[in-house]
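*Asks:* Sharing a structure below in structure tokens format, with a few things to ask.
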Amino acid sequence: MTAPAVVAASRRTGEGDNTLIDPPEVRRIVLAQGIQFTREDSLKLYNDAVARNDAYETWYYRSILFPEGLVDRLPGLFAWELDGHHHALYLNLAQNVVYQIDLVEDKAAFRQALLTEGIAVIYNGHARYGRGPCFGPPGVFPGDDWENGSAPDTTGIFRMGYPFVGIPCHEIIGHGYHTTPLPATEPPPTREQCDPELRPHLGALQARRVSEMHADAMLVEHLADLFGVTPDSDERFWTFLAVEDQEHGREVHVVLYAGWENTPTAPADLGATDFACRMFCHFGCSTFQHNYHILRTWKGWKREGDDRLAYWQTDLAKPIGTNMFLSYLLTCPKRQDWQPWGDWAAYAVRQTNRELVAGGYGWRVI
Amino acid sequence: MTTHTVLPGECLASIAERYGFTNPRVIYDHPANEALRRARPDPNVLLAGDEVVIPDLKPRVVTGATEQRYHFVVDRQPTYLRLRLLNPDDTPRSGLPYRLEYQGQVYPGTTGADGSIVQEVPSWLPGALLTVTDGGREEQYRVALGYLDPVTDSGGLKQRLQNLGYYVEVPGVPEDVCLRHAIHAYQHANDLPPTGYPDTRLYGKLVKEYCS
């Protein structure tokens, strides 16, 4: 039994009463927004859309903002800001739960949330082709924040991927981050070591010099710098040709070291982080394919009854699903105080997927 | 006449007993306490620092013959601890076994059909420990008697919102933010403009719902 709750009451000599309602449970949710998905980034897009008088984009970008997008869905949400950090409280009387939602936007705070017992952690941002949640300051600047981080404690990837990923050259060049390609002096990775998106290309891996990776000499020079070699280096790396999008067409993809344990970002990686949180949602693109087995099987963070819940997205996704999911957690219509979390989360998953279907969106929460 | 400055935990009943009055209404209804009545329409809910004018005790002179038996009826108003236990959806928590403990005594009972617990208590009793058993789960409340402040005081506002399940101390969240959230949530749930700040409509609704 917990310590007695102290309640003030009046002595009554006539009419009147003291009404006492079972105190609600406080349930904390940390919403972690990744690089290019920070509140400031979304707010800028929203303000630009308003200035352009673009009704659809105004609606869209507002719907992904925290807390504004959530307030629009839940007018009872009480949002507040302290020292530049955004938070919200929401009381659901039917659930008898007070939700405390804290927005965090750096890797250290995200990791701290994962290490916090009994809370829910929702990551909303890029999946980085399966490498893991990634953090950076507002503004889309090229640099190492797209890989290991310019300030590794607070920015860059929290690695939780398969040991190897295949990344198109335009992505590395465009984001301009230093990275480590797999040298062809090493044996090609096994199927089990590869992210599912790399596996279909294993039979077509080719060893290429950096000078053979792009037709543009300036970009070869840039790529060489990012790989830590000279443009005319004779060193070869494992690569393959594939089409990621129409804009870039068929291009060289490079096999990069990724991983989840003993990575360059440790201790900010899955291997060095023993989750204490009760629920983890990885709401990036195709995270179910990229990261589910890493967390559940390789790391061994398995579901235990109604504890250690984890949710993912099935396909390329947009950030609009996150406020949806949050709103359904907060509005689940059954009493929830001190109850198991399974039904509560299942309700949010079900309702979010219904709304995604109704909106014609191509991914689901799983 | 003397003036008494209310201390934390005092109510009119405890003040009356201290000054030898059996009925606190004698003090409350005295013309010298008109300002107090206006400020504190509920005599059971005073604020520390309030001033109460204590009228002089008037000894009652009665005559009687020896060897006769006379009956004197004391105008005494008993003091109660009255609680109403509700579920978050406002349905009563009826038929629940409870134990009320104070002064080394245990007073067991069962909550009434309306979720009520009514126990006559000494007018000066500062507190009691309430243990309620619900579905095998025991919950305990340390009831601070006489410490409920007027609703217009920020402390009294918080106490009522807490007892009604709106105010919760959230770890890491400043107290004033928790209070503004509770006010906002209460206003939203009761079709009042959700400003997060108190006003007379909030006070009125809250006193009605809380019942004091």
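*Asks:* From the phi angles alone, apply the Karplus equation (6.51, -1.76, 1.60; θ = phi - 60°) to the range A:145-160 and give each ³J(HN,Hα) in whole Hz, x where the residue is Gly or Pro.
*Replies:* Rounded to whole hertz, the list is 4, 7, 10, 8, x, 7, 10, x, 5, 10, 10, x, 7, 8, 6, 8.
*Asks:* Is the range A:1-160 rounded, prolate or oblate when judged by the Cα gyration tensor, a ≥ b ≥ c being the square roots of its eigenvalues, rounded requiring a/c under 1.5 and prolate requiring a/b larger than b/c?
*Replies:* oblate
*Asks:* Putting +1 on Lys and Arg Cβ atoms and -1 on Asp and Glu Cβ atoms, find which of A:Leu91, A:Tyr361, A:Gln206 reaches farthest to the positive end of the dipole of chain A.
*Replies:* Farthest towards the positive pole: A:Leu91.
*Asks:* With chain A treated as a Gaussian network of Cα nodes joined by springs under 10 Å, which of A:Thr116, A:Thr239, A:Thr38 yields the largest mean-square fluctuation?
*Replies:* Looking only at A:Thr116, A:Thr239, A:Thr38, the largest GNM fluctuation is found for A:Thr116.
*Asks:* Within 12 Å, Cβ to Cβ, of A:Thr265, how many net charges do the neighbouring residues add up to if Lys/Arg are +1 and Asp/Glu are -1?
*Replies:* Values: positive: A:Lys107, A:Arg111, A:Arg128, A:Arg131, A:Arg159; negative: A:Asp144, A:Asp145, A:Glu147, A:Asp153, A:Glu261, A:Asp269.
Value of the local net charge: -1.
*Asks:* Let me ask something additional. Whats the longest run of chain A with zero GluC sites (Glu not before Pro) that are DSSP loop and have at most 10 other Cβ atoms within 10 Å? Mind showing how you got there, number by number?
*Replies:* Values: sites that count: A:Glu15, A:Glu117, A:Glu247.
My reading of the result: A:118-246 is the longest stretch.
*Asks:* Indicate, rounded to the nearest 5 percent, the antiparallel portion of the DSSP beta bridges found entirely in chain A. Walk me through the intermediate numbers first.
*Replies:* Working: 31 of 55 bridges.
That works out to approximately 55 percent antiparallel.
*Asks:* Is the C-alpha gyration tensor of the range A:181-257 telling us rounded, prolate or oblate? Criteria: a/c under 1.5 is rounded; beyond that, a/b larger than b/c is prolate, otherwise oblate. Please list the in-between numbers first.
*Replies:* Values: a/c = 2.24, a/b = 1.26, b/c = 1.78.
In terms of gyration-tensor shape, oblate.
*Asks:* What residue among A:Gln193, A:Gln339, A:Gln33 shows peak mean-square fluctuation when chain A is described by a Gaussian network model with Cα springs under 10 Å?
*Replies:* Largest GNM mean-square fluctuation: A:Gln339.
*Asks:* Would you mind telling me which residue in A:Leu241, A:Leu182, A:Leu295 has the biggest mean-square fluctuation in a Gaussian network model of chain A, where springs connect alpha carbons within a distance under 10 angstrom?
*Replies:* A:Leu241
*Asks:* Let me ask something additional. Rounding to the nearest 20 debye, state how big the charge dipole of chain A is about its Cα centre with +1 on each Lys and Arg Cβ and -1 on each Asp and Glu Cβ.
*Replies:* Values: 32 positive and 47 negative charges, 278 e Å.
Dipole size: approximately 1340 debye.
*Asks:* Can you tell me which aspartates and glutamates have their Cα less than 14 Å from the Cα of A:Lys302? Leave out same-chain residues fewer than eight positions away.
*Replies:* Here the aspartates and glutamates satisfying the reach criterion relative to A:Lys302 are A:Asp274.
*Asks:* Which ³J(HN,Hα) values in Hz, rounded to whole numbers, follow from the phi angles of the range A:355-366 under the Karplus curve 6.51 cos²θ - 1.76 cosθ + 1.60, where θ = phi - 60° and Gly and Pro get x?
*Replies:* Values per residue, Gly and Pro as x: 5, 5, 4, 4, x, x, 7, x, 10, 10, 8, 9 Hz.
*Asks:* I need the GluC sites (Glu not before Pro) found in the range B:67-134, filtered to DSSP loop residues with at most 11 other beta carbons within 10 Å of theirs. All intermediate terms of the calculation are to be shown ahead of the outcome.
*Replies:* Numbers: sites: B:Glu67, B:Glu101, B:Glu120; in loops: B:Glu67.
Loop-located and lightly packed - B:Glu67.
*Asks:* For the range B:140-212, state which GluC sites (Glu not before Pro) are in a DSSP loop and have at most 15 other beta carbons lying within 10 Å of their beta carbon. Present the calculation step by step, with values, prior to reporting the outcome.
*Replies:* On the way: sites: B:Glu169, B:Glu175, B:Glu209; in loops: B:Glu169.
The qualifying sites are B:Glu169.
*Asks:* Under unit Cβ charges (Lys, Arg +1; Asp, Glu -1), what dipole magnitude, rounded to 20 debye, does the range A:181-257 have relative to its Cα centre? Could the numbers behind the result be given before it?
*Replies:* On the way: 6 positive and 15 negative charges, 72 e Å.
My answer is approximately 340 debye.
*Asks:* Can you sort B:Arg137, A:Arg73 by how many other beta carbons sit within 10 Å, fewest first? Provide the component values of the computation, followed by the final result.
*Replies:* Details: B:Arg137 9, A:Arg73 15.
The most exposed by this proxy come first: B:Arg137, A:Arg73.
*Asks:* Now for a different question. By count of other Cβ within 10 Å, fewest leading, how are B:Tyr210, A:Tyr90 ordered? Let's see the in-between values first.
*Replies:* Values: B:Tyr210 22, A:Tyr90 29.
Taking fewest neighbouring Cβ atoms as first place, the list is B:Tyr210, A:Tyr90.
*Asks:* Grab the DSSP H runs of chain B that are 4 residues or longer, score each as -39,500 (n - 2.57), total them, divide by all residues and round the 222 nm result to the nearest 500 deg cm²/dmol. Don't skip to the end; give the middle numbers.
*Replies:* On the way: 6 runs with 54 residues, N = 212.
Calculated at 222 nm, the ellipticity per residue is -7000 deg cm²/dmol.
*Asks:* Let me ask you something else. Please label the shape of the range B:1-129 as rounded, prolate or oblate, based on the square roots a ≥ b ≥ c of the eigenvalues of the alpha-carbon gyration tensor (a/c under 1.5 means rounded; beyond that, a/b larger than b/c means prolate, else oblate). Mind dumping the intermediate values first?
*Replies:* Working: a/c = 2.48, a/b = 1.44, b/c = 1.72.
Verdict is oblate for the range B:1-129.
*Asks:* Shifting gears a bit: Taking the Cα centre of the range B:1-154 as the origin and placing charges on Cβ (Lys, Arg +1; Asp, Glu -1), which of B:Thr111, B:Leu85, B:His4 is farthest toward the positive end of the dipole?
*Replies:* B:His4
*Asks:* Which chymotrypsin sites (Phe, Trp or Tyr not before Pro) from the range B:41-103 combine a DSSP loop assignment with at most 16 other Cβ atoms within 10 Å? List each step's numbers first, then the result.
*Replies:* Values: sites: B:Tyr70, B:Phe72, B:Tyr80, B:Tyr98, B:Tyr102; in loops: B:Tyr70, B:Phe72.
Here the chymotrypsin sites (Phe, Trp or Tyr not before Pro) that fit, given the DSSP loop and packing criteria, are B:Tyr70, B:Phe72.
*Asks:* Using the Karplus equation 6.51 cos²θ - 1.76 cosθ + 1.60 (θ = phi - 60°), what ³J(HN,Hα) coupling, rounded to whole Hz, does each residue of the range A:182-190 give in order, writing x for Gly and Pro?
*Replies:* 7, x, 6, 6, 8, x, x, x, 7
*Asks:* Can I ask one more? Among the lysines, which fall within straight-line cross-link reach of B:Lys208, defined as a Cα-Cα distance under 23 Å, with same-chain neighbours fewer than 8 residues apart omitted?
*Replies:* Cross-link targets: B:Lys158.
*Asks:* Give the angle, between 0 and 90 degrees and rounded to the nearest 10, that separates the Cα long axis of helix A:217-227 from the longest principal axis of the Cα atoms of chain A.
*Replies:* 60
*Asks:* Please order B:Trp124, A:Trp344 by the number of other Cβ within 10 Å, starting at the fewest.
*Replies:* On the way: B:Trp124 17, A:Trp344 22.
Starting with the residue having the fewest Cβ neighbours, the order is B:Trp124, A:Trp344.
*Asks:* Now for a separate question. In the protein assembly as shown, if the dipole is taken from +1 on Lys/Arg beta carbons and -1 on Asp/Glu beta carbons about the Cα centre, which of A:Pro264, A:Gly176, A:Phe135 is farthest to the positive end?
*Replies:* Result: A:Phe135.
*Asks:* Using a cut-off of 14 Å between alpha-carbon atoms, which aspartates and glutamates can reach A:Lys107, once sequence neighbours fewer than 8 places away in the same chain are excluded?
*Replies:* A:Asp144, A:Asp145, A:Glu147, A:Asp153, A:Asp269
Readers should treat all values here as calculations from the given coordinates under stated rules, not as data from a laboratory. All values derive from a computational prediction rather than experimental measurement. Cβ: placed from backbone, ideal geometry, glycine included. Neighbour counts: every protein chain shown.
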